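Asker: Please find one structure pasted underneath; my questions will follow.
Laboratory data are not the source of any read-out in this text; all were calculated from the coordinates shown. Because the structure is a prediction, the values reported are computed rather than measured. Please note: Cβ atoms are built from the backbone with ideal geometry, for glycine as well, and neighbour counts cover all protein chains shown.
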Amino acid sequence: MKGTILSVLACATFVSAIADSPVLEIESGRIIGESADDGYTIVYKGIPYAAPPVGALRWKKPQPVEPWDGVRPCNEFGPASLQGDQDKRSFYFREFFSDGDPQRSEDCLYLNIWTPAAGRPSAKLPVMFWIHGGAFSGGFGHEKEFDGEAFARKGVILVTINYRLGLCGFMAHPLLTAENVGNGSGNYGLFDQLAALKWVRRNIREFGGDPDNITVFGQSAGACSVQALASSPLTEGLISKAIIQSGGGLNGPLAPMPRAKLEEINKEMWDLAGITTLEAMRSCPPEQFGRIVSAYVASKGSYQHSSWLTVDGELLLRTLNETALSGQQLDIPYMIGYNQDDMSPEIMKRAALEWSLLLEKQGRAPAYVYAFTRELPPYPNELRMDGDDRTGAFHSAELWYVFGTLGRSKRRFTKADYDLSERMVTYWTNFAKSGDPNGDGVPVWRPCVNEDRYIQVLDVID
């Protein structure tokens, strides 16, 4: 009896929390979300955009969702892709992951939507589609620095996604290539991103979004993913604009690995584990993946990338540089940038500049280039630690500002930091609306051209 009463109370609490959330009819069934903390935005968490890629669907392109009956409550984020535990001694654990590891599963193809116009198809709001970073082996779309409330206040819908990572998402192997007659293997995580993008285009009207105005943006491996999608013939007509944050451009630090090399690495790795057939690979328990990778790395004496982007012959026909130099990337507005203390900041700066100048040379609209230079303020003394206690404009530092989530960090942010965040949210959402970050209330941002190699510095204003 006590359990029944608690269940009823829990249900009543949930109903109260989502009272303002309309039931939406999407292609696979009906869903209901919940009010966000601001009381203005409705958030739909954990919407499946593809079938669970498990069993026979491991290392296959994403398949359609099985429809459901009734109303599906979307009040919990879906599992992240399989990945290792966070290192609690690391700087990035304290900065972004101190809430602990999320639920992780092969069944990870879920997305989240923050919208101020749920159930209003005529609203036709611009949509921003976020791809998280993490070296193609970690991260998830509901990390605490990601949130759509600041975008919603600007009249923009935010979508974040989970996609397959590591061996689940970016492994090429000769047996998989042989199975995929006529094309290569690998890039399953990229195909997930493409499937999610297509899902958004088909369903976003129900959330008040404009399917013809979708800006894809991402950071680090997510930025490389954005450039890869913009380099694919399969995304024509799906993406209206792109923002590349610390991970793309021309001759950038992240690039696809030759497929033959990636296949060779993975064949050696699985052979070392005594698993030599595709049937055995697909039946291998996923909790063994980490041990298989670790054993291979130990045998080589150095780290080997067994999971990375590759030219698969279907989604990517050539390298990102070859695509850009031949003018085959999508002809859309671009924003691109880097952080002052980024990984390889000079390489990233040059990659961003050369990307924009190449677009101009090709007769296309040049990019808007930025440099995030704000040196983040320190933690309170009681939270500081010896060693890796970064306060610079490090790799990923801009994320708190882009998503307007400074309040979730324990750093001693000032009013000037909140003003910078507001300025950046305005730039990002203006770009999503029109392809131009400029507008009322923000300093002018000129495009980067050969005669004026302008880089917008993003820092606090004293």
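Asker: Report the net charge of residues surrounding residue 415, where surrounding means a beta-carbon distance below 13 angstrom and charges are Lys +1, Arg +1, Asp -1, Glu -1.
Answerer: Its environment carries a net charge of -2.
Asker: OK, next. Using DSSP to call loops (not H, G, I, E or B), can you name the GluC sites (Glu not before Pro) in the range 64-140 whose Cβ has at most 14 other Cβ atoms within 10 angstrom?
Answerer: Within the range 64-140, the qualifying GluC sites (Glu not before Pro) (loop, at most 14 other Cβ atoms within 10 Å) are 76.
Asker: Taking a temperature of 4 °C and a viscosity of 1.567 mPa s, what whole-number D in µm²/s does Stokes-Einstein yield for the range 78-157 with Rh from Kirkwood over alpha carbon pairs?
Answerer: 90
Asker: Considering the Cα trace of the range 393-462, what is its radius of gyration and what is Dmax, both in angstroms?
Answerer: In Å, with Rg to one decimal and Dmax whole: 13.1, 42.
Asker: Next question. Going by the alpha-carbon gyration tensor, a ≥ b ≥ c the square roots of its eigenvalues, is the range 92-242 rounded (a/c under 1.5) or, if a/c is not under 1.5, prolate (a/b greater than b/c) versus oblate?
Answerer: oblate
Asker: For the chain, give the magnitude of the charge dipole about the Cα centre (Cβ charges: +1 Lys/Arg, -1 Asp/Glu; no others), in debye to the nearest 20.
Answerer: It comes to approximately 300 debye.
Asker: How many angstrom separate the Cα center of the range 141-187 from the Cα center of the range 195-245?
Answerer: 11
Asker: Taking the alpha-carbon distance from residue 349 and a cut-off under 18 Å, which aspartates and glutamates remain once sequence neighbours fewer than 8 residues away in the same chain are dropped?
Answerer: 341, 360, 375, 398, 451, 452, 459
Asker: How large is the helix-only mean residue ellipticity at 222 nm for the chain, computed as the sum of -39500 (n - 2.57) over DSSP H runs with n ≥ 4, divided by its residue count, in deg cm²/dmol to the nearest 500?
Answerer: -9000 deg cm²/dmol
Asker: List, in the order given, every pair from 124/198; 61/433; 60/300; 154/410; 45/144; 261/361 whose Cα-Cα distance in the structure shown is over 22 Å.
Answerer: Too far apart for the 22 Å limit: 61/433; 60/300; 154/410; 261/361.
Asker: Return 323, 405, 41, 391 ranked ascending by Cβ neighbour count within 10 Å, so the fewest neighbours appear first.
Answerer: The fewest-first ordering by Cβ neighbours comes to 391, 405, 323, 41.
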